[in-house]
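Undergrad: Pasting a structure below so you can have a look.
The values are calculated or read from the model by the stated rules, or taken from the named source; none is laboratory data. In this text, all values refer to a predicted model and were calculated from it rather than measured experimentally. Positions of Cβ are backbone-derived with ideal geometry, glycine not excepted, and every protein chain shown enters the neighbour counts. Just the protein is used for accessible areas: all its heavy atoms, side chains included, with ligands, DNA and RNA removed. Shrake-Rupley method; radii C 1.70, N 1.55, O 1.52, S 1.80 Å.
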Amino acid sequence: MTESALPKDNFAEPAYWRGLNAAQRAAVDALDGPVLVLAGAGTGKTKVLTSRLVHLLATGKAVPGQILAVTFTNKAAGEVRARIAAMLGRSVEGWYLGTFHALAARLLRPHAELVGLKPNFTILDDDDQTRLIKQLLEAENIDDKKSPARAVLGVISRWKDRGILPHEVATHSKSQGGQLADGKVPKIYAAYQQRLLELNACDFGDLLLHHLTILRNHPDILAEMHNRFRYILVDEYQDTNTVQYLWLRLLAQARKNICCVGDEDQSIYGWRGAEVGNILRFEEDFPGATVVRLEQNYRSTGHILAAASHVIANNQMRLGKTLWTSADMGEPVRVQSLWDGEEEARWVADEIESLQRRGVGLNEIAVMVRAGFQTRAFEERFIQLGIPYRVLVGARFYERAEIRDGMAYLRLLVSPEDDLAFERIVNVPKRGVGPAAIQQLYTFARAEKISLLESAARLVETDEMKPKLRQTMRGLVENFTRWRGLLQNLPHPEVAQIVLDDSGYTGMWQADKSPEAPGRLDNLKELIGALAEFDTLPAFLEHVSLVMEATTNTEGEQVSLMTLHGAKGLEFDIVFLPGWEEEIFPSRRSIDENGTAGLEEERRLAYVGITRAKERAFISHVANRLLYGSWVNALPSRFLEELPDAHVLRQSTIGNGASSGMRFAQQERKERSVPLWQQLQAGQRKSGGDHFTRSSSPRDIEGHATVIPTPRREGQPNVGDKVMHEKFGIGTVKRVDHDKLEVYFDKKGSLKVMAGFVKPV
């Protein structure tokens, strides 16, 4: 028995072996050679990973220093450490067990000189990296407004994730960085790497890239790694990017004792570099590999698992497995069709209150949306009803940086005395207004007992400021004067959009090529849409202030609100999945940018969402949605058609309209295979029949919101006709605008509705 092997009792199996099912035991016991463990959602992959590591020790196959165990997050690494320490009854400090970055840094330091570094190199954080890139842009006379440092850094980081060194960029035709930074991103990449060496520093991407370079160029060090690590364990293998994949392959090429645990059906991070192909070709990379499928789920009911399995079965890029459970079938997945987003938020909140009355704790309930901007409607409703909630993996809607910036512009527009708002936006986007200039404004404002904006207005008429700064501040002051005048004649949502556009704030995020930028733009559009729900801009600002005040108490149980990307690895008794509509989920952007691969990743997101639920899953979609200030007729998500009727209960509050929408959804999707703005420009948009109409996002076409109406259909109501609406009752048609009607309802007053949702009386 080796020094660290566990003592074995010939008459009793070890404790770590008990409780494992047949498939889990097979995965734990297949110690030698390459092993791929396909671990479906809720099948106990962490239990397998930790039991396998302990089994290696117990059987004398390895001592702790001979095992390399890699995870993706510090949280996962901490969980694995805690479990193994509990199983062994001793500390695991000093073991090679941690994240890719942590392990790569540890292995890089002894050989750092081989890549031009010293062993005591520092690791720069995001702010330091951005500052360094900004210095290099200035040296090249590149406008940071047109090519933000964060965007340039994002391109460089993606190259590093793909294992591309500066001198290799030219050989990758798709890796040139486009026109960003005047086409000089490859040059800046090389300069950035040189500057890092001068600073004896790395960024996170360098840790793996440098160590990979050393292993490739120094066979003796690679042989040392092969001799040291007899066994390699990898968690969440489906999320590996290219450089992680190459690093692991090099380390495993001699002994081939590598065990990768993952689930191709949960690969949802392609947007940040993850390559689902890494797990799909494992058997090609390691011929003769043992593949073990973990399919017994210990989390969800039978109906939930069957629904998720039917959806994911439509993907082509998968190795295949079917989850099952010995637990009860439970309740069918409920699919709810609703009239609009407001009713959807109301329905979700009502269901949560009903569950709470039946004894379900709020901590066991989650609402999961496809995109961050969708949280606003639910936050507003929860606050209105006093339902405590938390936003996981991100800030509450009105606490997000881009929303705070946008709100600061609007606050200053309404209240020129708001110095806090002025200070927040005076240099956002960058205008060259530094601390010295702000101090000058403050000094004059205090002396004259005026606001900062008024201080700026007066100082620009003097020679107190340098000419360039004076010109910048004059432009800002004049803009606010002009915008304030527009409020007298234009709707406040339109003025707000003009403010964000003319200030350069929208353009700042449009130029940002980081993965987060599109989501920030969506949030700003949602902010403009929220304005339309209030009569005036001051009324909206007051509402937000009250909302922020109402969210300060975070004690006690809370509903969890999150995006589907942030939900991976979590589980809840009850899960609500709203917004299952075409172009929202699946995301139009994902499909446009990545085609079939993008659609399949969206479907994997659906699978992840459904399998977060242990007892009940609620899915909802609406017939009409207010998106970015424009009403659209929402098509049901194609994923709803893939849900099996035997495991789903479909309900609707909108009558035939919803079923009609589902019936024509497939044909409509074909028409929308070309992006909407291209259809409009090329005159390709079809009309007539039962096809839905759609309005584009604000300013999509030549800066203006555009509505493409459907011609009036035969049998459509005329002015003066009596009609019946399932939700609003009986009314009289007052105005007809193609397929949109203005109807005076006896109980609700005058409302705008779609012709397809009323019947003649």
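Undergrad: How much FRET efficiency would the formula 1/(1 + (r/R0)^6) give for GLN194 and LYS466, where r is the Cβ-Cβ distance and R0 is 35 Å, rounded to 0.05? Before the final figure, lay out the partial values.
TA: Values: r = 34 Å, r/R0 = 0.96.
Here the calculated transfer efficiency is 0.55.
Undergrad: With +1 assigned to the C-beta of every Lys and Arg and -1 to the C-beta of every Asp and Glu, and no other charges, what is the dipole magnitude of the chain about the Cα centre in debye, to the nearest 20?
TA: Here the chain has a charge dipole of around 900 debye.
Undergrad: What do you get for Rg/Rh over the stretch 404-516 if you use C-alpha atoms and the Kirkwood form of Rh?
TA: Expressed as Rg/Rh, it is 0.97.
Undergrad: Keeping every protein chain present and rolling a 1.4 Å probe, give me the accessible area per residue for the chain in Å².
TA: On a per-residue basis, the chain sits at 44 Å².
Undergrad: Give me the net charge of THR43's neighbourhood, meaning all other residues with Cβ under 10 Å from the Cβ of THR43; Lys, Arg count +1, Asp, Glu -1.
TA: +3
Undergrad: Given the pairs LYS525/LYS740; LYS75/LYS118; LYS145/LYS525; LYS160/LYS468; LYS118/LYS184, which span a C-alpha to C-alpha distance of over 32 angstrom in this model?
TA: LYS160/LYS468
Undergrad: Would you please name the trypsin sites (Lys or Arg not before Pro) within the stretch 35-119 that are DSSP coil residues with at most 11 other C-beta atoms within 10 Å of their C-beta?
TA: Details: sites: LYS45, LYS47, ARG52, LYS61, LYS75, ARG81, ARG83, ARG90, ARG106; in loops: LYS61, ARG90.
Answer in residue order: ARG90.
Undergrad: State the dimensionless ratio Rg/Rh of the stretch 187-243 (Rg: radius of gyration of Cα atoms; Rh: Kirkwood radius).
TA: 1.06
Undergrad: Given the alpha-carbon gyration tensor of the stretch 556-626, what are the semi-axes of its equivalent ellipsoid in whole angstrom, ordered largest first, with each equal to the square root of 5 times an eigenvalue?
TA: Computed over the stretch 556-626, the values are 23, 15, 10 Å.
Undergrad: Oh, and also: Need one number: nm distance between label points at ASP125 and LYS449, each 7 Å from Cα along Cα→Cβ, rounded to one decimal.
TA: The modelled label-to-label distance comes out at 4.2 nm.
Undergrad: I would also like to ask the following. Starting from the Cα gyration tensor of the stretch 50-109, take the square roots of the eigenvalues, sort them a ≥ b ≥ c, and report rounded, prolate or oblate (rounded when a/c is under 1.5, otherwise prolate if a/b is larger than b/c, else oblate).
TA: Here the stretch 50-109 falls in the oblate category.
Undergrad: Using a 1.4 angstrom probe on heavy atoms only, work out the carbon and sulfur share of the accessible area of the chain in %. Write out the running numbers ahead of the final one.
TA: Numbers: 16600 of 33480 Å².
Looking at the chain in its full context, I get 50 percent from C and S.
Undergrad: Starting from the Cα coordinates of the stretch 418-467, work out the convex hull volume and express it per residue in Å³. Please list the in-between numbers first.
TA: Details: hull volume 3.7 nm³, N = 50.
Hull volume normalised by residue count: 74 Å³.
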